[in-house]
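The values are calculated or read from the model by the stated rules, or taken from the named source; none is laboratory data. Computed from a predicted model, the values in this text were never measured in an experiment. Here the Cβ is made from the backbone with ideal geometry for all residues, glycine too, and neighbour counts use every protein chain on show. Only protein heavy atoms, including side chains, enter the accessible area calculation; ligands, DNA and RNA are left aside. Shrake-Rupley method; radii C 1.70, N 1.55, O 1.52, S 1.80 Å.
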Amino acid sequence: MHAWTISGKPTKHIEPWGNAGAFSTLRLLPNGYIPFRDEYLNRLLDSAKILEQKWIPDQITIEKRLDEYLSISSPKEGLIRICLFEESIGISNRPSKSNGKKIIGRLMKYRRPIPSAKSTIEKDLYGRLSELDITSEDWIITDPRDNDIRESATANLIFVQGNNLVIPDKHILLGVILRQMTPLLQNYFSITRSTPLGQNLSQFEEILLCGTGRGIAPLTSLPELDWSSRSDNAFKKIRSIYEQLMTKKNA
């Protein structure tokens with residue numbers, strides 16, 4: 001991991017979780033291509049603005065630091081995390097091991113303070129990912145007051161009911177991948193914007209995770225709510241759409 005000060009000097013990359021800042025995670029493909037790079041950087045800056053950070057660099061500066069990081073670190077592929085802290089930019093990478101893998105959900109009662117921004121201050125959420133095997137587990141967030149299921153710690157959720165997809169759109173962070181996928185999904189499925197309650201999950205035969213690290217991945221079970229997947233038909237179709245999308249952007 002590497003970091004730079006406001007003036008552009010190298011500095012120590014601080015521990016992100018619990019410190020004030022905005023972040024975004026990008027996928028680096030084996031040939032060095034980063035799909036939707038501009039969209040991710042725009043969202044990173046949007047998060048910083050929503051969080052009202054006292055220092056927000058322009059996109060050109062972030063692009064320069066990202067290119068410098070890729071040149072220094074030479075990662076082959078994986079996930080690149082960019083953090084905008086109050087006095088520095090920090091960039092790190094890690095292997096991508098969860099793309100498309102089956103996931104067991106672990107219920108977490110949690111309310112994100114500012115759902116529309118990705119904030120490193122949320123140690124109680126992102127810091128707790130270390131408790132899980134991230135390759136095969138994820139926190140499924142349920143609101144402690146409303147008891148609805150909004151998103152996971154790492155991805156948006158897609159609830160499957162026959163040919164209808166139910167996608168939460170309130171009090172969540174709408175991810176770049178889901179934004180890109182939605183117009184394509186409308187060619188094959190009807191889409192309802194709603195946030196299911198935890199006690200109503202039995203009506204859904206599939207729940208899918210959609211995000212940068214997981215791509216499209218199936219939730220196999222959510223033991224605390226006695227829910228298990230009963231099909232993989234939608235997963236297969238939506239995963240195929242996702243792979244075509246990534247191939248198209250990589251062409």
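Here are the numbers for this structure:
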{"quantity": "Those residues of the stretch 117-130 which are open to solvent by less than 70 Å² (accessible area, probe 1.4 Å) and either in contact with a helix residue (DSSP H, G or I) (Cβ under 9 Å, 6 or more places away or on another chain) or without any contact (Cβ under 8 Å) to a residue 60 or more places away in the chain (or both), in sequence order", "calculated": "117, 118, 119, 120, 125, 129"}
{"quantity": "Among the residues listed as 145, 111, the single one being at pLDDT below 95, out of contact with any Asp or Glu (no Cβ under 8 Å at 6 or more places or on another chain), under 21 Å from residue 225 (Cα atoms) and of a type in the set (Lys, Arg)", "calculated": "145"}
{"quantity": "Close pairs from the stretch 231-249: first within 12 Å of residue 188 (Cβ to Cβ) and modelled with pLDDT of 95 or more, partner open to solvent by less than 40 Å² (accessible area, probe 1.4 Å) and β-branched (Val, Ile, Thr), Cβ under 6 Å, at least 6 apart", "calculated": "234/160; 238/216"}
{"quantity": "Condition check for residue 50: surrounded by fewer than 19 Cβ atoms within 10 Å (Cβ to Cβ), within 19 Å of the chain's Cα centre (by Cα), under 23 Å from residue 126 (Cα atoms) and in contact (Cβ under 8 Å) with a residue 40 or more places away in the chain", "calculated": "yes"}
{"quantity": "Looking only at the stretch 8-25, and only at residues there that are of a type in the set (A, V, I, L, M, F, W, C) and more than 20 Å from residue 40 (Cβ to Cβ), the one that is least open to solvent (accessible area, probe 1.4 Å)", "calculated": "20"}
{"quantity": "Residue 76 vs. criteria within 21 Å of residue 10 (Cα to Cα), open to solvent by 80 Å² or more (accessible area, probe 1.4 Å) and of a type in the set (D, E, K, R)", "calculated": "no"}
{"quantity": "Matching strands (runs of 3 or more DSSP E) fully within the stretch 133-212 where at least 2 residues are open to solvent by less than 60 Å² (accessible area, probe 1.4 Å), touching a Lys or Arg at 6+ places or on another chain (Cβ under 7 Å) and free of Cβ contacts under 8 Å to residues at least 60 places away in the same chain", "calculated": "137-142"}
{"quantity": "Pairs, first over 11 Å from residue 92 (Cα atoms) in the stretch 64-82, second assigned to a strand (DSSP E or B) and open to solvent by less than 80 Å² (accessible area, probe 1.4 Å), C-beta under 7 Å, six or more apart", "calculated": "65/4; 65/89; 65/91; 72/2; 77/28"}
{"quantity": "Selection within the stretch 229-246 - small (Gly, Ala, Ser) and crowded, with 16+ Cβ neighbours inside 10 Å", "calculated": "229, 234"}
{"quantity": "Meets criteria (open to solvent by 20 Å² or more (accessible area, probe 1.4 Å), in contact with a Leu (Cβ under 6 Å, 6 or more places away or on another chain) and over 25 Å from residue 34 (Cα atoms)) for residue 114", "calculated": "no"}
{"quantity": "Filter result (under 15 Å from the mean Cα position of the chain (by Cα) and within 22 Å of residue 199 (Cβ to Cβ)) within the stretch 116-154", "calculated": "138, 139, 140, 141, 150, 151, 152, 153"}
